[in-house]
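Here is the structure we will look at.
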Amino acid sequence: MVLNFLSVDKIEKDYLVCEDQNEEVKIIPFKKLSEDISEGTIIYLDNLGNIKIDKEKTQIRRDIIRRLQNQVE
């Protein structure tokens, strides 16, 4: 069961600094991190604390940010 989505803001040595839907900061500890996770990745946590990547939402978010950056230039 999926609890909520988080956006990865920063990756530290053994934890992720994330922001949830309510813009609250969440610290997520990890032992091993998938190579696919980088700043800006959208992730979900399941009931066991496993991190699941939402590749589709991550790409949509990155496209939106890219379009906004292009408008500023």
Listed here are the pairs K31/K55; K10/K31; K10/K52; K26/K52; K13/K55; which of them are more than 19 Å apart at the Cα? K31/K55; K13/K55
Folded to 0 to 90 degrees: helix 55-72 orientation relative to the chain principal axis, Cα: 30 degrees
Starting from the Cα of K32, draw a straight line to each of the aspartates and glutamates and keep only those under 14 Å, dropping any in the same chain fewer than 8 residues away. E12, D14
Rounded to whole Å and sorted largest first, list the principal axis extents of the Cα atoms in the chain. 42, 27, 23
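Since every read-out is calculated from the coordinates, none of them should be taken as a lab result. No experiment lies behind these values; they were computed from the predicted model shown.
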